[in-house]
Amino acid sequence: MQILSNDPIAIPVIGGNDRPQKVLLLGFQDQDNLGLRYLMSAVNASGHEASIMTYGADPEIILRRIRHEKPDVVGFSLIFQYMAPDFGRVIKALRDGGVTGHFTMGGHYASFEPAEILGSTPGLDSVVRFDGEMTLVKILHCLSAGADWRTLPGIAFRSDEGQIVVAPLAKVVEDLDILPPPDRRSIDYESHPMPTASVLGSRGCPWDCSFCSIRPFYESQGGPLRRLRSPRAVADEMLDLHVNRKVPIFLFQDDDFLAGGKNAKLWAMEIADHIAAAGFAGELAFKISCRSDEIDEDILRRLMAGGLTHVYMGVESGDEDGLADMHKRMKPEAHLRAGRILKKLGLSFDFGFMMVEPYSTFSRIRNNIAFLEEFIGDGWTVAPFCRMLPYAGTPIKRRLEAEGRMLGTAFEPDYKFLDPKLDIFYEWMIATFYERNFTNQGLCHMFRGLNFEAGLRLPRRNRVSEAQRAYLRYLTSVCNKVACYTLRCAVDYLEATPLATLQRERGYLERLTAHEKREETQITNELGQYYHWVHQDDSPLPGPVGGFDKSWTFYEGDREAAGVGAA
């Protein structure tokens with residue numbers, strides 16, 4: 001059944017006498033990696049040939065693929081800036097292995113800091129900055145025709161003298177509907193019992209939160225701060241995947257699905273209206289991300305009529321001063337109000353939360369703990385928490401640099417807190433909650449997946465009973481209360497104890513960590529019993545909804561930045 005249109009697209013096509021280029025695109029494929037798949041579609045539509053490969057740390061696997069396919073160009077998608085050195089190591093190994101093709105790289109960090117990337121990665125030929133579809137296609141056209149690709153806008157490269165040149169930026173594609181939909185042919189949706197696909201309805205965000213690089217990324221090229229695809233095109237993409245690929249669950253990867261005032265909210269509701277009008281209400285479900293102050297009961301009800309089942313909110317802080325420092329332009333009550341509406345409507349949700357940030361005080365942390373207890377002490381969702389990190393392109397990075405507080409490396413930025421006792425608190429917090437908050441084996445990951453499954457609004461697929469849902473909420477509540485208790489004990493002890501004592505004596509904090517670990521083990525055991533109660537099989541935790549467990553990217557490393565909001 002054909003749903004997507006065959007309308008022509010404005011991708012420049014290769015000249016008739018030029019040799020098509022073969023391109024291998026490398027990147028992480030959690031959440032379908034729509035960035036790479038949009039590039040893949042643009043490359044193929046232009047007359048060149050693109051394939052895709054999941055990035056891995058073993059260069060030999062990549063080298064074997066390159067030797068087999070012999071691509072002219074290898075494109076690297078750098079999503080997480082702390083992985084830049086690892087990408088550099090792999091690129092060096094590929095060059096040492098005899099690969100001579102053109103190497104290019106894109107992504108947030110490469111776009112903001114092209115000189116840093118090129119300077120630390122000698123094997124890289126170019127950087128494609130910001131939106132990359134048109135720029136990559138034009139590079140391929142130049143290579144195909146033997147023309148000088150270095151004259152193109154939107155790139156960075158080394159001159160013949162070894163100097164790094166950053167070209168003027170390319171013009172932004174304002175009409176996203178001229179781009180072909182992401183190429184999903186290599187994604188095996190059909191083998192999953194409940195396939196999950198990612199969708200992108202827009203690009204950009206008008207908000208200027210201090211910790212976020214989204215607005216600076218899209219603002220740099222000019223054009224609207226948020227660009228919207230047509231509601232019909234978005235709905236058709238979803239319906240095509242549902243009808244022809246049997247996908248029932250969709251995760252919108254838009255940075256803020258409701259951002260942009262009245263018109264943006266009408267746009268969102270129109271997508272849901274198209275799905276309902278096509279007769280698929282109740283047969284597919286979708287998740288969105290938005291701000292707490294954009295939660296409106298009437299809007300959500302209309303979205304639910306088209307399949308809305310889950311909401312992710314960028315809560316970030318429950319302290320008024322912390323929210324002000326983050327430029328969130330709201331008070332904690334906005335979060336609490338949003339939570340009440342979501343619970344009233346029976347929607348599952350989860351959220352981002354930064355327990356500590358560069359200007360934290362013990363008072364702010366106490367307010368954050370109290371907020372979490374009020375917000376989700378009932379177990380509606382699990383309490384995640386991390387530290388704010390100053391990523392490339394963010395206002396907080398510029399502020400810390402101006403204050404002389406930036407530490408770490410270009411790829412792993414760091415800072416100290418204003419109160420040295422909070423450095424001890426943070427060190428303890430990571431040691432205590434790392435597995436819980438940042439790993440695939442942790443309670444946050446498992447509760448997120450299972451609570452999503454329990455709230456799934458697909459009557460013919462959801463096998464979670466009301467009794468099971470109530471028990472899961474009880475377990476989630478226990479998990480949240482244990483964490484809040486452990487955090488509060490640590491805060492009380494650290495604030496009351498002299499710094500010199502804390503620097504030489506950690507016995508109390510170590511006992512708190514041991515307490516938290518014991519409680520987590522007990523909760524994990526009970527969660528396993530719940531899982532087998534619902535699923536009646538021996539499949540591994542969490543795994544409840546096919547690809548939904550991949551909607552958070554976790555890195556098995558020693559830094560919390562690897563798993564939360566890394567850009």
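The values are calculated or read from the model by the stated rules, or taken from the named source; none is laboratory data. None of the values given here were measured: they were computed from a predicted structure. FYI the Cβ positions are ideal-geometry reconstructions off the backbone, even for glycines, and counts take in every protein chain you see.
Kindly check whether there is at least one residue in region 488-505 that is more than 16 Å from PHE362 (Cβ to Cβ), among the aliphatic types (A, V, I, L, M) and in contact (Cβ under 8 Å) with a residue 40 or more places away in the chain. There is no residue in region 488-505 that is more than 16 Å from PHE362 (Cβ to Cβ), among the aliphatic types (A, V, I, L, M) and in contact (Cβ under 8 Å) with a residue 40 or more places away in the chain. For region 394-413, filtered to residues that are small (Gly, Ala, Ser) and in a loop (DSSP other than H, G, I, E, B), the residue that is surrounded by the most Cβ atoms within 10 Å (Cβ to Cβ) is ALA410. Within region 414-433, if we keep just the residues that are part of a helix (DSSP H, G or I) and charged (D, E, K, R), the residue that is farthest from ALA84 (Cα to Cα) turns out to be LYS421.
Regarding GLU297, is this residue surrounded by fewer than 17 Cβ atoms within 10 Å (Cβ to Cβ) and in the same structural domain as HIS327 (by TED's automatic domain parsing)? It is true that GLU297 is surrounded by fewer than 17 Cβ atoms within 10 Å (Cβ to Cβ) and in the same structural domain as HIS327 (by TED's automatic domain parsing). Checking the structure you have, find out if any residue of region 272-283 is farther than 30 Å from LEU494 by Cβ, in contact (Cβ under 8 Å) with a residue 24 or more places away in the chain and surrounded by 22 or more Cβ atoms within 10 Å (Cβ to Cβ). Checked region 272-283: at least one residue is farther than 30 Å from LEU494 by Cβ, in contact (Cβ under 8 Å) with a residue 24 or more places away in the chain and surrounded by 22 or more Cβ atoms within 10 Å (Cβ to Cβ). For the residues ASP273, ASP256, the requirement of being touching a Lys or Arg at 6+ places or on another chain (Cβ under 9 Å), part of a loop (DSSP other than H, G, I, E, B) and either of a type in the set (Asp, Glu) or farther than 17 Å from GLY314 by Cβ (or both) singles out ASP256.
Among all positions in region 227-250, there is no residue which is in contact with a Cys (Cβ under 9 Å, 6 or more places away or on another chain) and small (Gly, Ala, Ser).
Would you check if ARG203 is in contact with a strand residue (DSSP E or B) (Cβ under 6 Å, 6 or more places away or on another chain) and either at pLDDT below 95 or not in a loop (DSSP other than H, G, I, E, B) (or both)?
Here the answer is yes, as ARG203 does meet what is asked.
Scanning region 240-252 for residues that are touching a Leu at 6+ places or on another chain (Cβ under 7 Å) and surrounded by fewer than 20 Cβ atoms within 10 Å (Cβ to Cβ) turns up just one, ASP240. If you go through region 84-119 and pick out every residue that is free of Cβ contacts under 8 Å to residues at least 40 places away in the same chain and in a helix (DSSP H, G or I), you end up with 13. Looking only at residues of region 416-450 that are among the aromatic types (Phe, Trp, Tyr) and buried (at least 23 other Cβ atoms within 10 Å of the Cβ), we find that the one that is nearest to HIS310 (Cα to Cα) is PHE447. Residues in region 46-102 that are hydroxyl-bearing (Ser, Thr, Tyr) and under 20 Å from the mean Cα position of the chain (by Cα) were compared, and the one that is modelled with the highest pLDDT is SER77. Note on region 8-81: enclosed strands (runs of 3 or more DSSP E) holding 3 or more residues that are crowded, with 21+ Cβ neighbours inside 10 Å are 22-27, 73-77.
When ARG291 is tested against (1) over 30 Å from PHE417 (Cβ atoms); (2) at pLDDT 95 or above; (3) charged (D, E, K, R), exactly one condition is not met: (1).
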